[in-house]
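Okay, so here's the structure we're looking at.
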Amino acid sequence: MSFFSFLFGSSKSTASKKQGPAPYVLKESGDSSANPGQPDLIRELESDHRALFKLCDEISASFANRDLQAVADGVRQFEVLISRHLVKENTRLYLKMERDLTDEGKRDSMRKFRMEMNQLSPVVMDFLGKYKKIAAEPELASTFEADFKGLGEALDDRTRREEAFLYPMYSA
């Protein structure tokens with residue numbers, strides 16, 4: 001189990017995959033008009049997920065081609081996208097859910113999601129801070145593939161859980 005999978009709670013075995021994160025296709029966004037305060041929020045968050053996974057595929061391809069400058073550029077772009085996504089979740093999704101959820105079980109679940117992400121965000125940012133320097137420090141390439149694979153698997157797991165459990169609570 002990779003470091004990121006361990007932290008994010010993924011049950012997938014990292015040994016069973018030979019390449020970076022597989023292309024990820026998210027379901028089409030459902031009707032989010034059930035929450036009139038921010039009808040497009042879930043659609044935006046799901047779109048962010050698609051953009052992040054597309055970027056992961058691009059970074060993986062750049063690494064396979066040993067284009068470390070493109071990898072570094074992609075990692076910097078990923079940092080911007082994930083930061084915006086996390087701010088959006090924290091300022092629009094979680095705050096509204098905290099205010100509006102009346103079911104204590106759902107509220108506890110939402111809080112667990114939020115706490116998990118708040119604990120793990122610094123780990124992801126450390127990864128990004130390290131590898132955005134890969135072009136200037138090519139020795140980082142020796143650990144990049146395994147770390148990136150773990151990050152991709154962890155994000156895949158987290159995204160699937162958000163879309164299956166967290167986002168439907170927002171729309172309910």
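Strictly over 32 Å apart at the Cα level, which of Lys106/Lys130; Lys106/Lys133; Lys112/Lys149 would you flag in this model? Where the Cα-Cα span goes over 32 Å, the pairs concerned are Lys106/Lys130; Lys106/Lys133.
Across segment 69-78, computed HN-Hα scalar couplings (Karplus, 6.51 cos²θ - 1.76 cosθ + 1.60, θ = phi - 60°) run 5, 5, 4, 4, 4, x, 5, 5, 5, 4 Hz from first to last residue, x flagging Gly and Pro.
The stretch between Arg107 and Glu44, if pulled fully straight at 0.36 nm per residue, gains 20.5 nm over its current Cα-Cα span.
Near Ala135, the amide H atoms lying under 5 Å from its own belong to Ala72; only residues 5 or more places off or on other chains count, and H is placed 1.01 Å from N.
Is the shape of segment 33-172 rounded, prolate or oblate, going by the alpha carbon gyration tensor and its root eigenvalues a ≥ b ≥ c, with a/c under 1.5 for rounded and a/b larger than b/c for prolate? Prolate, because a/c is 1.5 or more and a/b exceeds b/c. When segment 37-171 is described by a simple charge dipole with +1 on each Lys and Arg Cβ and -1 on each Asp and Glu Cβ, the residue from Leu86, Gly105, Met125 located farthest towards its positive end is Gly105. With θ taken as phi - 60° and the Karplus curve 6.51 cos²θ - 1.76 cosθ + 1.60 applied, the whole-hertz 3J(HN,Hα) list for segment 104-120 is 5, x, 5, 4, 4, 4, 4, 5, 5, 4, 5, 5, 4, 5, 5, 7, 8 Hz, x standing for glycine and proline. Pull out a ≥ b ≥ c, the square roots of the eigenvalues of the alpha-carbon gyration tensor of segment 101-171, then state rounded if a/c is under 1.5, prolate if not and a/b is larger than b/c, and oblate in the remaining case. Prolate, since a/c reaches 1.5 and a/b exceeds b/c.
Each label point is 7 Å from the Cα along the Cα-to-Cβ direction; what then is the distance between the points at Val123 and Ala64, in nm? Distance between the two pseudo-spin positions: 2.7 nm. Sorted fewest first by neighbouring Cβ atoms within 10 angstrom, Thr159, Thr102, Thr143 come out as Thr102, Thr143, Thr159.
Here, each number is a calculation from the coordinates, and none is a lab measurement. Since this is a predicted model, take the numbers as computed values, not measurements. With ideal geometry, Cβ positions are generated from the backbone for all residues, glycine too; neighbour counts draw on all protein chains shown.
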